[in-house]
Amino acid sequence: MDTSRLKRRGPCEWELPASGRMRVPGVIFASKELVQAMDDKVAEQVANVASLPGIVDASYAMPDAHWGYGFPIGGVAAFDADEGGVVSAGGVGFDISCGVRTLHTGLKAADVEGVKRQLADLLFARIPAGVGSTGALRLSGQEMDAMLRGGARWAVKEGYGSEADLLRIEEHGCVAGADPAAVSEMAKKRQRDEMGTLGSGNHYLEVQVVDQVFDAMVAQAYGLAEGDVVVSIHCGSRGLGHQIGTDFLREMVVAAGQAGIVLPDRELACAPLKSTLGQRYLGAMRAAINCALANRQILTHLARAAFATVLPGARLPLLYDVSHNTCKEETHTSADGRKRRLFVHRKGATRAFGPGHAELPAEYRRAGQPVLIGGSMGTASWILAGAAGTEERAFGSACHGAGRAMSRNEALRRWHGRNVVDELAAKGILIRSPSFRGVAEEAPLAYKDVGEVVDAADHAGLAGKVARLRPLVCVKG
Amino acid sequence: MATQAAWETFPHEADVGVRGTGATLAEAFSGAATAMTAAICDPAAVAAREPVAIECAAPEVELLLLDWLNALVFEMATRRMLFARFEVDIAPEDAGLRLRAAAWGEAVDVARHQPAAEVKGASFCELKVMQQPDGRWLAQCVVDV
């Protein structure tokens, strides 16, 4: 990115001053190296988001920001309904509430080493992953609606996990205001066979070891110590969310055209929060969030069952569950000191509430919210903690992952999946995937250095480093 | 049909671009659909065993491309199929265009097809349908994977 247009506010904070149609400035949180490596499209998209009606304070980009559709991936923007604010289907994306959850296992790396292969094989056998895979659960129309209203709460009621899990999920596992009637029959049909499936692409289930602790006090609050084995699951709302994204993106583009609204980019298609279309989208999008939470809850149940088979007695309590692609109604104090209800879009960004936030579980309240960052299958993932003051910086948000360093086409040209699997096995990382091509496209070097991204998030005061996780087993879709 | 259709995928930072060209609009749409299959697996590995009928209508040609690709995404997801050959017909209707097509393909065979990633949806990103100076049609967009 050409940095000559930016004003440097701090070591990891850059301002894109408001100009032209921009109603507020843009703010990019990143080191100089990360900003320079970003595509110019990111600045363009940050500026486009800043031009939307009712935007509050600034259009933000996280350290892992890259070129998305309409909003950059790693984009955060909040809108006030009372000031003509909008909700944007493009600002949430196709994979609504894609997210990460991490589970403790109570095991140390040495406990797992001898059964790692068995564990990898069983997890791969039990977790439906990849294109065309289906789950064991089939929901009737009524059951589907109950799931869309209830999220992980519904899943626990159905026997997938326990009440204790719900306390460690954003909104306690169930977002209010979901409207199954706003979800198309096509979206429900796409979900019919996909409950409890991992998906494909960058989605995964990993067994990981805590490689290094960076903040002992917070790690203790989270129940983490070096050598601990954890399990992380990255997936989203599956076909239902994808179809809702497709349905509403089209509807919002057509509606904007009919209303004579000129959008700098059609992917910015949005609707006023105080409109029938805006409210219908919010209802459907919240249903998709609940679908993602239910899906991760079912996958958790499957992972627990696999562990219990290989390592009898192992218990896998939830550490935390975060969602990435969402629009959530939250209370924030804006730059002018007013406390107000805002609709915060986080597209490829994680909610990262700081210490003391009332939404956090009591045991994490002093430490701040766990922020779970996925890396690549060959390097590392991270656990951060929402920093004090993060709400004044980007409405309590942080980065979500490494971001790709190259296109899938380029990765496929450079690597063969079989070789990637063998090379990682030599390093003690067991990959299980139905597709060698999928593995090649997700090769570790196809991703940016996640360490640089989390360093920037730390230095920018968004979220502090707590622990680095090294993969032992990776089930890829 | 669609004998002069050509296709390619093009790079996008996080996802994949799909592009079809042809002597007619229908051929370009057919090529874009083949490119979308190529974003998932090698289209040559997919056998054109059974047809699925697809019909959609849109007020303008770029929305029609989006609707066409998204209809294929829906059929792939719900039928667990991959498609290799496309017979496309596009005709004006009322104030817009109507597409009628047969998508030929087969059930996903993970071992044989080695599908890398499912397509979540076709996006407005890089969406373009146009007749080029040489007279050939081009149809493209980025698909989310």
- Six or more apart or on different chains, Cβ under 8 Å: which pairs go from a residue in region B:109-121 that's at the interface with chain A (Cβ under 7 Å from one of its Cβ atoms) to one that's in a strand (DSSP E or B)? Could you list them? B:Pro115/B:Leu82; B:Lys120/B:Val143; B:Lys120/B:Asp144; B:Gly121/B:Val143; B:Gly121/B:Asp144
- For region A:301-328 the number of residues that are under 22 Å from A:Ala349 (Cα atoms) and in a helix (DSSP H, G or I) is 0
- Apart from one, (1) in a loop (DSSP other than H, G, I, E, B); (2) surrounded by fewer than 17 Cβ atoms within 10 Å (Cβ to Cβ) all hold for A:Asn202; the odd one out is (2)
- Note on the structure: Among (1) more than 30 Å from A:Lys32 (Cβ to Cβ); (2) assigned to a helix (DSSP H, G or I), A:Pro434 falls short only on (2)
- Within region A:248-269, how many residues are touching a residue at least 24 places away in the same chain (Cβ under 8 Å), more than 9 Å from every other protein chain (Cβ to nearest Cβ) and either acidic (Asp, Glu) or within 25 Å of A:Leu148 (Cβ to Cβ) (or both)? 3
- How many residues does region A:404-430 contain that are within 14 Å of another protein chain (Cβ to nearest Cβ), in contact with a helix residue (DSSP H, G or I) (Cβ under 7 Å, 6 or more places away or on another chain) and either in a helix (DSSP H, G or I) or more than 20 Å from A:Gly348 (Cβ to Cβ) (or both)? 9
- Message: Tell me whether region B:71-85 contains one or more residues that are in contact with a Lys or Arg (Cβ under 9 Å, 6 or more places away or on another chain), crowded, with 22+ Cβ neighbours inside 10 Å and assigned to a helix (DSSP H, G or I).
- Response: yes
- Condition set of a type in the set (Gly, Ala, Ser) and surrounded by fewer than 19 Cβ atoms within 10 Å (Cβ to Cβ), scope region B:94-108, selection farthest from the other protein chains (Cβ to nearest Cβ): answer is B:Ala102
- Task: Kindly establish whether A:Asp80 is at positive phi, at pLDDT 95 or above and not hydroxyl-bearing (Ser, Thr, Tyr).
- Result: no
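To keep it simple, each residue is scored yes or no on (1) surrounded by 24 or more Cβ atoms within 10 Å (Cβ to Cβ); (2) not in a helix (DSSP H, G or I); (3) not charged (D, E, K, R).
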{"residue": "A:Val156", "(1), (2), (3)": "no, no, yes"}
{"residue": "A:His172", "(1), (2), (3)": "no, no, yes"}
{"residue": "A:Ala187", "(1), (2), (3)": "yes, no, yes"}
{"residue": "A:Val207", "(1), (2), (3)": "yes, yes, yes"}
{"residue": "A:Leu240", "(1), (2), (3)": "yes, no, yes"}
- Residues of region A:152-168 classified as more than 18 Å from A:Cys291 (Cβ to Cβ) and touching a strand residue (DSSP E or B) at 6+ places or on another chain (Cβ under 7 Å), total: 1
- Message: Suppose the filter is among the small types (Gly, Ala, Ser), under 20 Å from B:Phe74 (Cβ atoms), away from chain A (no Cβ under 12 Å) and not in a loop (DSSP other than H, G, I, E, B); does B:Ala33 pass it?
- Response: yes
- Taking first residues from region A:279-300 that are assigned to a helix (DSSP H, G or I) and second residues anywhere that are aromatic (Phe, Trp, Tyr), the pairs with Cβ under 7 Å that are 6 or more apart or on different chains are A:Tyr281/A:Phe248; A:Ala284/A:Phe248; A:Ala294/A:Trp154; A:Gln297/A:Tyr160; A:Ile298/A:Tyr160
- Message: I'd like the full set of residues that are at positive phi and within 14 Å of another protein chain (Cβ to nearest Cβ), limited to region A:171-206.
- Response: A:Gly199, A:Gly201
- Item | Yes/no for A:Val453 being within 13 Å of chain B (Cβ to nearest Cβ) and either surrounded by 24 or more Cβ atoms within 10 Å (Cβ to Cβ) or in a loop (DSSP other than H, G, I, E, B) (or both) | no
- Among the numbered conditions (1) part of a loop (DSSP other than H, G, I, E, B); (2) within 14 Å of chain B (Cβ to nearest Cβ); (3) modelled with pLDDT of 95 or more, tell me where A:Ser376 comes up short. (3)
- Message: Quick check on region B:44-61. Is at least one of its residues touching a residue at least 24 places away in the same chain (Cβ under 8 Å) and in contact with a Ser or Thr (Cβ under 9 Å, 6 or more places away or on another chain)?
- Response: yes
- What is the number of the single condition among (1) under 30 Å from A:Asp165 (Cα atoms); (2) more than 14 Å from every other protein chain (Cβ to nearest Cβ); (3) at pLDDT below 95 that A:Pro444 does not meet? (1)
- Message: Can you tell me how many residues within region A:39-70 are within 11 Å of chain B (Cβ to nearest Cβ), out of contact with any Pro (no Cβ under 8 Å at 6 or more places or on another chain) and surrounded by fewer than 24 Cβ atoms within 10 Å (Cβ to Cβ)?
- Response: 2
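The values are calculated or read from the model by the stated rules, or taken from the named source; none is laboratory data. Worth saying up front: this structure is predicted, and the values here are computed from it rather than measured. Positions of Cβ are backbone-derived with ideal geometry, glycine not excepted, and every protein chain shown enters the neighbour counts.
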